Each structure stands twice: as structure tokens, then as C-alpha cells.
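Reviewing the structure listed below.
The values are calculated or read from the model by the stated rules, or taken from the named source; none is laboratory data. Since this is a predicted model, take the numbers as computed values, not measurements. Positions of Cβ are backbone-derived with ideal geometry, glycine not excepted, and every protein chain shown enters the neighbour counts.
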Amino acid sequence: MIYFATNLKLLRKRSGKTQDALSSEVNIGRTTIANYEAGVSEPNLETLITFSNYFDISVDQLLSNNMENGIDKNVKIPAKGKQAIALPSWSDTNSRMPQVVTVDRKGNDNIIYVPVKARAGYLSGYGDPEFMETLPTFRLPGLNNSTFRMFEVDGPSMAPNILHSDRVIGEWVESLDKIRDNRVHIVVHKSGVAVKRVLNRIKERGKIYLKSDTIAHRLEFPVVEIDPEDVMEIWYGRLKLSADFSEPAEVYHRLSDLEMDMMELKRMMGEK
């Protein structure tokens, strides 16, 4: 069983499953699965057959093929020590999974970073393992048992809560009905990558709405209406990384400016 531990972890990651999810589907304890992946314990023949049937792979391949070194034709190990894995495409608008994830040589999920300059390529390459391998990857403690991606923010549409050049780490949203109304999401759609607050009105109107936080630039960033079929990926905002260290006085000035802008808007609306 020399390769069982690494192969099990790799297959689980490739299927987009957490240890908890796999545990529920094969009716084997999560701790037991964790011990298998860590090489602490080994399965009996019945358990091996269970995994073999679940992953549609022979017991011999599960035990004897070193998939981490790319023996399996669907597994590709790049030179940089990370692994881009193509996953099944979304079958419909209600049940989806990332088309590509990356894991390190131990099978741990990486967080892929999508800077602004890579956005255009990401729109066409988010399902291409070769393109995804070119993007920076990293790991952060506390972000595990799910798939995460980091996107750089472009523009002032979410100020003052999220500023230009901030980075937002999002957790994969597996279905549209799991969108959290009025929360920050990263929405990858046919027209671009948007960091916005999202309203799900598919049942009522057949649309998703993207809202900006800005008040000062509200007229520049109206609510955007998106068709569900145009959505390629949605990530729920979990963490913000910012290099902004403004002094308190600067923040107060910004708030004052926002108040003045609001007064001006009200005056303009009153004149109409």
C-alpha cells in the first residue's frame, strides 16, 4: 500500500471533496479517512473496494500507481511544485464546481491569486490547467477544507470598505442558491470579474444583481444585472488583505467628503 495514502488524498482533492464530504458519501469516519491520508492506518480489503468503486479506479491502481508523479494521465505535476487539476465542468446553473484547482505535492489545496493584470486571461483560462499553473499560489492557516481563490480589486466601486488594490479571498460557492444576499462575493461572468455585493433574485426575476458600496462614485457604478447563465464562477468573500494604513484624520476627511457628496445628490434630486 505504498502509494495508497497519497493517492487517496489526491483523488479526494481532484473530486472537490472535503474529508467530511467524502466521509458522508462512503460511510467511513472522517478521522479514519484522515488517518488513511496521513499514512497512520491502512484500510482492509472491503474498504479498498469501497474507494475503488467510488473513484472508479482499480484497487491495483489505487495501491500501485504513484499518481503524484503523474502516472495517471489526468494528473499533471508542473515544475514549480504545484499541481493544476482539471475537474468536471458545471453540469447546470444550480450545481457547480471549480473547473481547475491546484494542490501542492502533499495534496493540500493552494489558494490561487488572480491579479488585475491576469483578469483577461482568467476569463478564458479559468478552466485551463496550463494557464492556471502560471498564476501565483500560496497557503494561509485557517483556510482549509474548502477551495479558496484570491482576487485583486480594481477601482473605487467598493470604497471605503474595500479599496483599490486590496485583495479579497473568496470561498467557492457551489450553487447559486447558496449566495448570501447583500454579502461581498467575487463574480466571474462573461463580461468580467466583479467584487460586489450580490442579490440573488433568480426565482423572482431570473436575475442576479451586483451592487457597489461606494457613495462618492455611486453614479459611476450603478447596480449591474446578470443572467445566471452568464455566471462562470462565484466566490464568497472570506478575507480582505489591505495595504491601506491611512491616518484617522484621513478617514474622517473621507467621511466628510462623502457627507458633502450626499448633500449635493439630495439637492440635485430636489431640483428635478
**Message:** Given (1) in contact with a Gly (Cβ under 9 Å, 6 or more places away or on another chain); (2) surrounded by fewer than 18 Cβ atoms within 10 Å (Cβ to Cβ); (3) in contact (Cβ under 8 Å) with a residue 24 or more places away in the chain, identify the lone condition not met by HIS164.
**Reply:** (3)
**Fill in**
Taking region 167-179 and the residues there that are of a type in the set (D, E, K, R) and more than 18 Å from LEU239 (Cβ to Cβ), the one that is surrounded by the most Cβ atoms within 10 Å (Cβ to Cβ) would be GLU174
**Prompt:** Failed condition for LYS117, given (1) within 29 Å of ASP177 (Cβ to Cβ); (2) modelled with pLDDT of 90 or more; (3) among the basic types (Lys, Arg), with all others met?
**Reply:** (1)
**Complete:** (1) in contact with a Lys or Arg (Cβ under 9 Å, 6 or more places away or on another chain); (2) surrounded by 16 or more Cβ atoms within 10 Å (Cβ to Cβ); (3) of a type in the set (D, E, K, R) all hold for ARG14 apart from (1)
**Item:** Single condition LYS9 does not satisfy, out of (1) over 22 Å from the mean Cα position of the chain (by Cα); (2) modelled with pLDDT of 85 or more
**Value:** (1)
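May I ask you to verify whether GLU233 is surrounded by 10 or more Cβ atoms within 10 Å (Cβ to Cβ), among the acidic types (Asp, Glu), modelled with pLDDT of 80 or more and in contact with a helix residue (DSSP H, G or I) (Cβ under 9 Å, 6 or more places away or on another chain)? Explain how you work it out, then say what you get.
On the way: surrounded by 10 or more Cβ atoms within 10 Å (Cβ to Cβ): yes; among the acidic types (Asp, Glu): yes; modelled with pLDDT of 80 or more: yes; in contact with a helix residue (DSSP H, G or I) (Cβ under 9 Å, 6 or more places away or on another chain): no.
When the stated conditions are applied, GLU233 does not pass them.
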**Message:** So, LEU140, is that one within 18 Å of the chain's Cα centre (by Cα) and outside any loop (DSSP other than H, G, I, E, B) or not?
**Reply:** no
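So that you can scan it fast, the table gives a plain yes or no per residue for (1) of a type in the set (Ser, Thr, Tyr); (2) touching a residue at least 40 places away in the same chain (Cβ under 8 Å); (3) not in a strand (DSSP E or B):
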residue: TYR209; (1), (2), (3): yes, no, no
residue: THR214; (1), (2), (3): yes, yes, yes
residue: GLU225; (1), (2), (3): no, no, no
residue: GLU229; (1), (2), (3): no, yes, yes
residue: TRP235; (1), (2), (3): no, yes, no
**Request:** Considering only region 16-52, state which residues are under 20 Å from SER64 (Cα atoms) and not in a helix (DSSP H, G or I).
**Result:** GLY39, VAL40, SER41, GLU42, PRO43, ASN44
